[in-house]
Amino acid sequence: MYYYIVVEVVEGDARNVLCDAVEKHHASILVLGSHGYGAIKRAVLGSVRTTVLIMLIAL
């Protein structure tokens, strides 16, 4: 089994761009980093990671 890594630079809302890329490339894994914000700051600012996870589960 072979794996390959795709690197793209795309402009737009991170939530939509990431979900579109997963669908476009039929990705089986998506790796996202974290700023390490606490729960309160994350709740106020929102979390791209959480939103993308919810959107991809809905597919």
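The values are calculated or read from the model by the stated rules, or taken from the named source; none is laboratory data. Remember, it's a predicted structure, so these values are computed and weren't measured experimentally. Heads up, the Cβs are rebuilt from the backbone with ideal geometry, glycines too, and the neighbour counts pull from every protein chain shown.
Would you check if there is a residue in segment 20-27 being part of a loop (DSSP other than H, G, I, E, B) and modelled with pLDDT of 85 or more? Yes, that holds for at least one residue.
Anything in segment 1-18 that is in contact with a helix residue (DSSP H, G or I) (Cβ under 7 Å, 6 or more places away or on another chain) and without any contact (Cβ under 8 Å) to a residue 40 or more places away in the chain? List them, or say none.
From segment 1-18, those in contact with a helix residue (DSSP H, G or I) (Cβ under 7 Å, 6 or more places away or on another chain) are 6, 8, 10, 14-15, 18; that's our starting set.
Passing the criteria: VAL6, GLU8, VAL10, ALA14, LEU18.
Restricting attention to segment 28-56, the residues that are within 23 Å of TYR4 (Cα to Cα) and outside any loop (DSSP other than H, G, I, E, B) add up to 4. The number of residues in segment 28-52 that are surrounded by 10 or more Cβ atoms within 10 Å (Cβ to Cβ) and touching a residue at least 12 places away in the same chain (Cβ under 8 Å) comes to 6.
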